[in-house]
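Engineer: This is the structure, below, for whatever I ask next.
What follows is calculated from the coordinates using simple rules that are stated; it is not laboratory data. Being a predicted model, the structure only gives us computed values, none of them experimental. Reconstructed Cβ throughout: ideal geometry from the backbone, glycine too, with neighbour counts over all protein chains shown.
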Amino acid sequence: MPLFSPITFALPKVPKRQVMHSLDNYDKDEILALKKTEDNFINVIHPQDTRSRDSNLVRKMWVKFLHNEWYIKSIKPSFFYYKICSPEFQTIGFLGGVCTSDIQSNTITKHEKTYPSRVDHMTEYIKTVQIQAEPVMMIHETPVPQEIKSSEIEKNKCFSDFEFEGIRHQLWHLTFRQSKVLENWAKKQSHFHLADGHHRIQCMVNLSQEIQKPLFP
């Protein structure tokens, strides 16, 4: 019975200027080019000209971005329906939070080992910056309930619609009814499976153990 819960998101106000790959995907010149755009997220996670990053400065920059409303926090915890498409493919899924206690109990299964030194480093970083900047990916074995129809969701106003490197990304808020259906469906599953993000998940488990309460990556 894995939990899948609505969570609070902070999403870019102007995605075409602010969306990026992981920092490791860019060389020095590409990083400098991206940093010329003041509201690009790279200025949060790479606030210095050195390779090493000051976690406290990252946190300070993130607070600035929220204050300037370059990223907008959702008013209340939410689920999103997420559609990614190009002329060659289409993928859909849902954005929400899973519970660290389900990782510990193996209700969410893992298929990769993690490196303790990397997990420890990420744990300290996340504890300071208080940002989950990258998602993890879960997969499931049974179809989502028929009460949640893609065609019905996509008739509503799109919350965010942008292209990044030739791929279109779209987000829709789920209604209260759709959210409850999704939560109840998740509780009836035997397992979810972690497809990507093993180190990020483990660092959240470590933090939850440290503060002695569950967290929702």
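Engineer: Quick one: net charge of Lys127's neighbours, Cβ under 12 Å, K/R +1, D/E -1?
Structural biologist: -2
Engineer: Counting other C-beta atoms within 10 Å, and keeping those with at most 13, which DSSP coil trypsin sites (Lys or Arg not before Pro) do you find in segment 1-66?
Structural biologist: For trypsin sites (Lys or Arg not before Pro) across segment 1-66 that sit outside H, G, I, E and B with at most 13 neighbouring Cβ atoms in 10 Å, the list reads Lys36, Arg51.
Engineer: In a shell of Cβ-Cβ distance under 12 Å around Lys36, excluding Lys36 itself, what net charge do Lys and Arg (+1) and Asp and Glu (-1) give?
Structural biologist: On the way: positive: Arg17, Lys35; negative: Asp29, Glu30, Glu38, Asp39.
Residues close to Lys36 contribute a combined charge of -2.
Engineer: Could you name the lysines whose alpha carbon sits less than 30 Å from that of Lys213, not counting residues in the same chain fewer than 8 places away?
Structural biologist: The qualifying lysines are Lys60, Lys64, Lys73, Lys76, Lys110, Lys113, Lys127, Lys180, Lys187, Lys188.
Engineer: What net charge do the residues around Pro47 carry, taking every other residue with its C-beta under 11 Å from that of Pro47, with Lys and Arg at +1 and Asp and Glu at -1?
Structural biologist: On the way: positive: Lys35, Arg53, Arg59, Lys60, Lys64; negative: Asp49, Asp54.
That sum, taken over residues with Cβ under 11 Å, equals +3.
Engineer: Let me ask something else. Checking the a/c ratio against 1.5 first, then a/b against b/c, what shape does the Cα gyration tensor give for segment 162-217? Please report the intermediate quantities before stating the final value.
Structural biologist: On the way: a/c = 2.08, a/b = 1.26, b/c = 1.66.
Because a/c hits 1.5 or more and a/b fails to exceed b/c, segment 162-217 counts as oblate.
Engineer: Among Gln48, Gln170, Gly197, which residue has its Cα positioned farthest towards the positive end of the charge dipole of the chain, with +1 placed on the Cβ of Lys and Arg, -1 on the Cβ of Asp and Glu, and the dipole taken about the Cα centre?
Structural biologist: It is Gln170, whose Cα lies furthest towards the positive end.
Engineer: Based on the alpha carbons, how large is the Rg to Rh ratio for the chain when Rh follows Kirkwood?
Structural biologist: Numbers: Rg = 18.0 Å, Rh = 18.8 Å.
Taking Rg over the Kirkwood Rh, I get 0.96.
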